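Shown next, in C-alpha cells, is the structure this report addresses.
Every number here is computed from the coordinates shown, using simple stated rules; none is lab data. The model shown is predicted, which means the values in this text are computed figures rather than measured ones. Heads up, the Cβs are rebuilt from the backbone with ideal geometry, glycines too, and the neighbour counts pull from every protein chain shown.
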Amino acid sequence: MVAESTASGQSKGAAAATAATAAPFSHCDIHLIRTLSPEIIQHTWINNKEEWGKSMDLETYLSRERYLNDQTLARDGKLKTWVLVPKSFDPEHPDLLLRRLIVLESLVPKIKVCKMCSASVLARRLWDEISRMDNVSFTLLHSDIGPTFYSRFGWIAQRSDEIAIPTSYTIVVDSNSHQDPVSLENIGDSNMQDVTTLDIQLLRESLKAQLEESTNSDKLLFAVIPDIHCIQWINARAKYYVQHVLKQDQHDITVLGVKDLHSDSFALWYHNVLHHELYIVRWRLDPTAGEHVACALIQAAQAEAKKWNMSKVVIWNPEQSLADLLRVEIKPRDSSLSALGAVSPLLDSKNIEWVLNEKYATW
C-alpha cells in the first residue's frame, strides 16, 4: 500500500522488482541534505508515526503534522527537514528517491541495531552541518534513547529532573504566614502576548544581573527564549488532539495558565491529554511573592488537570525550594532528556549553564 502512494504510481509488484536489483548504500555513499520536497517530508512523518502518532489513524496524524507546520513557529521554512540520501540523488526528481526509500524500508527489518546505526550517521552529519551554519553557536535536543548516545557527537547531557504532583494531593499552606489571599487571573489566547513579553524582559534583566554578579568571567548563560510562538506551538498540539482525536468540538482548551495579579508570578501549562498529565511548561515565581503564591499557582494547575481528568501536574527541573514547599521529591526523567552542544570553537561547554531548561523548550 505504501509503494502505491509514490508520485510515480508504481505498483507493489514493480516496487519489489526494483528492490531486487537495487544495491544497498554504504555510509560513504550517503550524505545529509535539507529537503523541501512535500513528498519526502510527508514520508518522514510516516516513518515517525509509530512514536509520534500512535493514537491516531494515518490521515489524522498527517493532518496534524501539516497543521503544526503551519504554526508561526514553524511556517515559512523555519522548521527544516533533513534526510540522509545517496550522493547520486537528483534534487530535481525527488520522486525517484522517495520510491527508493519506500522500497528499502519495506525490505530492511526494523532492527534496533539498524536504527541506531542510521541514527549515528544522521547525528554526526547533522552536527557537522550545524557547525558550518552562520551565526549559530548552540544546538539542543531532547533524547529518548538515554543520556550518553548523543554525547559522542557533541551534545552534552543536561539536568533532566521533574516533580509530579497528583491531582488528589493536598497542598498544605502555612497557616502562620498571615498572607493576603492570592488573586489569580486565567491566561488564554487573548492575554498570552502580554505575559510572554514581560517574561522575556524580566528574563533578560535577570540574566544580565547574574553575569554581573558572577566571579567567573568566562561563564556563559544559555536560555531558550520563552516567546509566545513556542507556547502557541505546544498548545496547538493539545488543541488538535482534543478536537480531532477526542472529537470534543464543544470542549476546547481555553485556560492555558494563571497569573498572580499582585506580582510577576505565573504558570503556563500544556494539556498532555493522551497521557493524562498537565505539564507546567513555564514557571515564574516573583522574588517578592510569598510561598502562598507558589501554592496557589500549583492548586490552580491541579484544578485544571482535574477538569480534564488528568492524574497529575508535572514540572521539569524545579528549584529544590519548590519541591520542599510542596513536600514532593525531585526525580530524574527517563525520556526527553535534555542535551546541549556548543558548535562554536570559541565556546567551552564546561563554562555554559543552561538556565530555564523547562518544558516549553521541547518544541
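Pull out the extension gain between Leu32 and Asp70, defined as 0.36 nm times the separation in residues minus the alpha carbon to alpha carbon distance; nm, one decimal. Don't jump to the answer; show the numbers that get you there.
Values: separation 38, 0.36 × 38 = 13.68 nm, distance 2.45 nm.
That works out to 11.2 nm of additional length.
Taking one quarter of the surface of the C-alpha convex hull of the stretch 161-362 gives a mean projected area of 13.0 nm². Counting beta carbons within 10 Å around each of Leu79, Leu268, Leu58, Leu73 and listing the fewest first gives the order Leu58, Leu79, Leu73, Leu268.
Considering all C-alpha pairs of the stretch 235-295, those separated by over 14 Å amount to 60%.
With a 10 Å radius around each residue's Cβ, average the other Cβ atoms per peptide and rank 285-291, 166-172, highest first.
Working: 285-291: 15.4, 166-172: 13.0.
Per-residue mean Cβ counts within 10 Å order the peptides as 285-291, 166-172.
Kirkwood hydrodynamic radius, the stretch 286-363, all distinct C-alpha pairs: what's the number in Å? It works out to 15.4 Å. Near Asp264, the amide H atoms lying under 5 Å from its own belong to Asp286; only residues 5 or more places off or on other chains count, and H is placed 1.01 Å from N. Across the stretch 161-362, C-alpha contacts under 8 Å between residues 6 or more apart give a mean separation that, scaled by the residue count, equals a relative contact order of 33 percent.
If a spin label sat at a point 7 angstrom from the Cα of Lys54 along the line to its beta carbon, the backbone N atoms of the stretch 250-293 nearer than 16 Å would be those of 272-277. With a cut-off of 16 Å on the backbone N, the residues of the stretch 266-290 near the modelled label site 7 Å out from Leu207 along Cα-Cβ are 283.
Translational diffusion coefficient of the stretch 113-223 at 4 °C, 1.567 mPa s, Stokes-Einstein with Kirkwood Rh over Cα pairs, in µm²/s as a whole number.
Numbers: Rh = 19.6 Å.
Rounded to a whole number, D works out at 66 µm²/s.
Computed extension gain for Arg124 through Ser183, at 0.36 nm per residue and net of the alpha carbon distance, reaches 16.2 nm. Taking amide H as placed 1.01 Å from N in the peptide plane, the amide H of Gly257 sits under 5 Å from that of Ile187, Trp269, each at least 5 places away or on another chain. Spin-label pair Asp324-Leu221: with each label point 7 Å from Cα along the Cα-Cβ axis, the two points sit 2.2 nm from one another. Its Cα centre serving as origin, the stretch 161-362 has a Cβ charge dipole (Lys and Arg +1, Asp and Glu -1) of approximately 700 debye. Taking amide H atoms as placed 1.01 Å from N in the peptide plane, the amide H of Trp354 lies under 5 Å from those of Phe222, each 5 or more residues away in sequence or on another chain.
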